[in-house]
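Asker: First the structure, then my questions, so here it is.
The values are calculated or read from the model by the stated rules, or taken from the named source; none is laboratory data. Every value quoted in this text rests on a predicted model; they were computed, and no experiment measured them. Please note: Cβ atoms are built from the backbone with ideal geometry, for glycine as well, and neighbour counts cover all protein chains shown.
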Amino acid sequence: MKTLFVISIAFIISTTLAQNKLLTIQDAVLKGRTTLAPKKLQGLTFIAGVDKFSYIDNNVIKIGDNANGKTTDALSLKELNTVLKSTSKDTLAALTTITWKNANQFYFSNKKGELIYSLDKKTISETDKKTEDATLESFEKEPETGATTYCKNYNLFVSKDGKETQVTTDGSSDIVYTGKNVHQNEFGINGGTFWSTNGNYLAFYRMDQSNVTNYPIIDWTTHPAVNKNIKYPMAGNQSHWVTLGIYDLKNNKTWYVKTEGDKEQYLTNIAWSPDEKHIYIAILSRTQNDMKLNEYDALTGNYTRTLFEEHDDKYTEPLHAMLFVKNNPNQFIWQSRRDGFNHFYLYHINCTLIKQLTKGNWEVKTENGFDEKGERLFFHANAESPVNQDFYSVNLKSAEVKKLTSGNGVHTCSIDAKGNYVIDNFSSTYTPREYAVINTNTKKSISIFKAENPIKDYKLGNWSLFTIKNNEGTDLYCRLFKPVDFDSTKKYPVLVYLYNGPHSQMVTNTWMAGGELWYQYMAEKGFIIFTVDGRGTDYRGRTFSQATHRQLGTKEMEDQLSGVAYLKSLPYVDANRLGVHGWSFGGFMTTSLMTRNPGVFKVAAAGGPVIDWTYYEIMYTERYMDSPQDNKEGYEKNNLLNYVDKLKGKLLMIHGAQDPVVVLQHSILYQKKAVDKGIQLDFYLYPGHEHNVLGKDRAHLMEKITNYFIDNL
C-alpha cells in the first residue's frame, strides 16, 4: 500500500480535544450537504466589465477587488426588499442567485419573473415575465438579445421584448420539444436548445418517440392508482428519431437540418459558426463506433461537408462540441481520446489538423474559455494525479502548458472575461474549502475565504486516501474511514461502499477524500468504511475505462475483490464481517458480488440495481455492452437473474416505485426468480420516489440501511 497523505500530529491533537458530539442519522444524511458541509461562498462570480468579483453572504451582496481580495457590502436583502415594496413588487425571502448584466446591474428573480436591479440608481426594471398560466420547462435566456426559450404543452416558445412566439405546433407525448437533452442524458448534452452566436437563430431538438414502446410507471398516490406511461427505449429495441430544427427570430421561420442516414443515429455536440452561417453536428452511429463531424448550411439545412471522422473498435464518445478560437473563426478546438487520453486538438476550418495542444498520460477534464486575445485556452486537468485537479492554460501558438494553481488537491476554477483572473475553489482530503483569486499572468494568489471544519465538534473516525494494486498491477485509488476511538488490537466489521460504473469517480483528493458524512455516522457505530475505484471508472484514460466493454460487472468485480484482499490483510479487519452497499450501477455491483462471488460478503444493501442489461436504456447500454443481438454471451454472463440461487448471506434490495431510470421491473424480476428458486432475501419499496430517494425520506432510507448492517454484521 502506498500512503498519499499524512496527518500531522498537531492536527490530531487539536481535533481530538474538540471532538465530543455524536452525529444522528438526521445530521449525517440531511445536514451532510448543508449546515455540516464546508461553507461555500454563495454565487461567487466575476462581475462583467470590471476587475471585481461578488458573492452573497448572509443575504448581503459583497463586491471584492480582484487585485487585493478586499470586499465591501454592495446591497442587502433588506435594501432590495425596500425597493421592491416601493414599486409594488413581490419581496424576497432570501437573496439566492444574481447574474451580472454589467458592472452596475444584475438580474434576479421573484415569484413573478426576472427583474434587473441598478446599483447606482437603486431602481428595478422588468425583463420578460414567465407566463403564469402554464408550467414552463427548460427556461433558457439568450445573453446577447435577452430572448428566452421555453416549452409548454409539449411545444417550443420564444419570448423577446415581451412578445411570445410559438415556434412549433405538432408537439405531443410522441413528438417532444421539451428543450431538454435527448438521447437519455448522454453524450455531454445538457439541453435541447442552442442559440446562435449573436442570438439571431435558435437550433432545437425534435424527438419523435412514437415508435418507442410505452413503459408503465404507476402513480400510487391516487385512488385508484393510475398508470403514467413513459417512453423507454431498451437495449436492442427501437430507439427514437431525433432531428435538429432552426428557428429564425427575425423572420419567424423554421426549417430542419438535412441529416441523412440511419434514423436512429445520434445527433450530438451542436455548435454554431461565429458568423452564424453554419451549424455543426457530431453524427454518431447507433453502434457508437463511428463519428462524423458534419457541417451544414444554417440558412438552408443542407449538408456541406464532413470535417473529419473518428472510429473506435469499442466505442467513441464525443462529449464536447467544437470550440471556435476567440478572434479567429478559421480555427477550432476539438477534444478527443484518440491517443488514449482526453486532450485538445487545434484544427483549421478547412479540415486540417494544426497540432495537438495537450499531451500526456492524464486527462483534460473541462475547457474554461479563452483569454481576451484568444491566445490562451484555460482548462482543468488531472496531470498531477488521477485524484487531483488543477487549472491550466495552454498557448495556442507554442502549445506551452502552464499550471496556474498550487496546492495538492482539487481546484475548481472560473476565469474572468479577459482571462486575467481566476477564482479558485480548493479542497483536499483534510482541507474543507479555500477560495482564492489568482492572477493568470503573475500566478499571484490572494486568499479570500477559508472554511472552518464543519464537523470539528464531533467525534470522528480518521480517514485516508491511498492506492493498492489490482491483479494486473495497476494502481487503484482507495478511501478508508476508521471507526471512532479506533483500537488497532480489535477486529472491526467493514462496509464497502461502491459504484464503479462509467463516468464515475468516488475517491478524490477533496474533503474527506470525497466521502459522505454518513460514513462518519457508520464510523461511530464501529464500522470501517472502504471504497475503491476500479476499472471502468473515469479520468484514467481510454484503456482503463474501456476495460469493461461488453462485460459490465466482470472486470469491476475483479478490482473490488482486490480491495477485499487488501482489507483482509489488515490485522484489525474481521474478514467474517464484510458488508457491501451501492446504488444504481453500485446496486448492480452489490448484487453481482453477493451472487457471482458468494460468501465473500455476509450482508449487502443494493439500491435501484440493474439486474438484466436488456431492460436498461439503449444509449448507455449499447455503448458499453453493444446490442443484445451482437453480444448475447456478454449479456447472459452479466445477467444477475442467472445467479439468484447462488446467494449466500443477507441481501436487502431497495427500489423507488416510480423509477424511470432503472425501472422497477429489474427488482421485481429478481424477487420473482428468488421465489422460484426458494431463495430468501429482503425487499423495500419507496413509493413516490424515482431513481433516488431524496428529501426527508432519505434519512429514513439511510437509517434502514444502517440498521440492516448493524443487525446483521
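Asker: Can you tell which of GLY191, GLY179, GLY236 is closer than 22 Å to GLN265 by Cα, part of a loop (DSSP other than H, G, I, E, B), at pLDDT 95 or above and out of contact with any Phe, Trp or Tyr (no Cβ under 6 Å at 6 or more places or on another chain)?
Answerer: GLY236
Asker: A follow-up question, please. Please specify each residue of segment 242-267 satisfying the condition of being buried (at least 17 other Cβ atoms within 10 Å of the Cβ) and over 14 Å from TYR296 (Cα atoms).
Answerer: Within segment 242-267, VAL242, TYR247, LEU249, GLN265, TYR266 qualify.
Asker: Just one of the numbered conditions (1) buried (at least 17 other Cβ atoms within 10 Å of the Cβ); (2) under 30 Å from PHE486 (Cβ atoms) is not true of ASP457; which one?
Answerer: For ASP457, the exception is condition (1).
Asker: Return the pair list, or none, for Cβ contacts closer than 8 Å from residues in segment 676-688 that are not assigned by TED's automatic domain parsing to the domain that holds LEU641 and acidic (Asp, Glu) to residues that are surrounded by 13 or more Cβ atoms within 10 Å (Cβ to Cβ) and not in a strand (DSSP E or B), at least 6 apart or on different chains.
Answerer: Cβ pairs passing all conditions: none.
Asker: List pairs: first residue in segment 639-658 and within 26 Å of GLY688 (Cβ to Cβ), second residue aromatic (Phe, Trp, Tyr) and modelled with pLDDT under 95 anywhere in the structure, Cβ distance under 7 angstrom, at least six positions apart or on different chains.
Answerer: Listed by first residue and then by second, the contacts come to ALA657/TRP220.
Asker: Now, a different point. Could you list, in sequence order, the residues of segment 28-73 that are touching a residue at least 40 places away in the same chain (Cβ under 8 Å), in a loop (DSSP other than H, G, I, E, B) and over 30 Å from MET522 (Cβ atoms)?
Answerer: Those that are touching a residue at least 40 places away in the same chain (Cβ under 8 Å), in a loop (DSSP other than H, G, I, E, B) and over 30 Å from MET522 (Cβ atoms): LEU41, ILE47, ALA48, GLY49, VAL50, ASP51, ASN66, ALA67, ASN68, GLY69.
Asker: Going by the structure shown, is ASN81 modelled with pLDDT of 95 or more and either among the charged types (D, E, K, R) or assigned to a loop (DSSP other than H, G, I, E, B) (or both)?
Answerer: It is false that ASN81 is modelled with pLDDT of 95 or more and either among the charged types (D, E, K, R) or assigned to a loop (DSSP other than H, G, I, E, B) (or both).
Asker: Now for a separate question. Scan segment 527-537 and give yes if some residue there is over 27 Å from GLU384 (Cα atoms), modelled with pLDDT of 95 or more and more than 21 Å from the chain's Cα centre (by Cα), otherwise no.
Answerer: Yes, segment 527-537 has at least one match.
Asker: May I pose another question? Counting residues that are at pLDDT 95 or above and either touching a helix residue (DSSP H, G or I) at 6+ places or on another chain (Cβ under 8 Å) or surrounded by 20 or more Cβ atoms within 10 Å (Cβ to Cβ) (or both), which strands (runs of 3 or more DSSP E) fully inside segment 336-424 reach at least 1?
Answerer: The qualifying strands (runs of 3 or more DSSP E) are 343-348, 364-370, 376-381, 390-395, 410-415.
Asker: Could you say which residue among MET619, MET653 is touching a helix residue (DSSP H, G or I) at 6+ places or on another chain (Cβ under 9 Å) and not charged (D, E, K, R)?
Answerer: The unique qualifying residue is MET653.
Asker: So is GLY541 crowded, with 24+ Cβ neighbours inside 10 Å and modelled with pLDDT of 95 or more or not?
Answerer: So GLY541 fails the test.
Asker: Quick check on segment 430-445. Is at least one of its residues of a type outside the set (Phe, Trp, Tyr), in contact with a helix residue (DSSP H, G or I) (Cβ under 6 Å, 6 or more places away or on another chain) and not assigned by TED's automatic domain parsing to the domain that holds ILE63?
Answerer: Yes, there is a match, as at least one residue in segment 430-445 is of a type outside the set (Phe, Trp, Tyr), in contact with a helix residue (DSSP H, G or I) (Cβ under 6 Å, 6 or more places away or on another chain) and not assigned by TED's automatic domain parsing to the domain that holds ILE63.
Asker: Now for a separate question. Taking PRO598, is it of a type outside the set (A, V, I, L, M), closer than 24 Å to PHE683 by Cα, touching a residue at least 24 places away in the same chain (Cβ under 8 Å) and not in a helix (DSSP H, G or I)?
Answerer: Yes.
Asker: Hey, could you check segment 261-306 for residues that are assigned to a loop (DSSP other than H, G, I, E, B) and among the β-branched types (Val, Ile, Thr) and say which is farthest from GLU617 (Cα to Cα)?
Answerer: THR300
Asker: Can I ask one more? Within segment 419-452, which residues are over 12 Å from THR405 (Cα atoms), of a type in the set (D, E, K, R) and under 24 Å from the mean Cα position of the chain (by Cα)?
Answerer: Selection gives ARG433, GLU434.
Asker: Evaluate the following for GLN658: is it modelled with pLDDT of 95 or more and more than 19 Å from GLY536 (Cβ to Cβ)?
Answerer: So GLN658 passes the test.
Asker: For segment 613-713, list the helices (runs of 4 or more DSSP H) that sit wholly inside it and hold at least 3 residues that are buried (at least 19 other Cβ atoms within 10 Å of the Cβ) and on the phi < 0 side of the Ramachandran plot; which are they?
Answerer: Answer list for segment 613-713: 618-625, 665-677, 697-712.
Asker: Let me ask you something else. Quick one: how many residues across segment 123-142 are at pLDDT 75 or above and either out of contact with any helix residue (DSSP H, G or I) (no Cβ under 6 Å at 6 or more places or on another chain) or over 18 Å from PHE108 (Cα atoms) (or both)?
Answerer: So the count comes out to 5.
Asker: OK, next. Of the residues MET557, MET589, MET619, MET594, which single one is more than 28 Å from ILE710 (Cβ to Cβ) and in the same structural domain as LYS646 (by TED's automatic domain parsing)?
Answerer: MET619
Asker: If you scan segment 194-232, which residues turn out to be buried (at least 16 other Cβ atoms within 10 Å of the Cβ), of a type in the set (A, V, I, L, M, F, W, C) and not in a strand (DSSP E or B)?
Answerer: VAL212
Asker: Filter segment 31-82 for residues that are closer than 23 Å to TYR117 by Cα and of a type in the set (Ser, Thr, Tyr); which is surrounded by the fewest Cβ atoms within 10 Å (Cβ to Cβ)?
Answerer: The residue in question is THR72.
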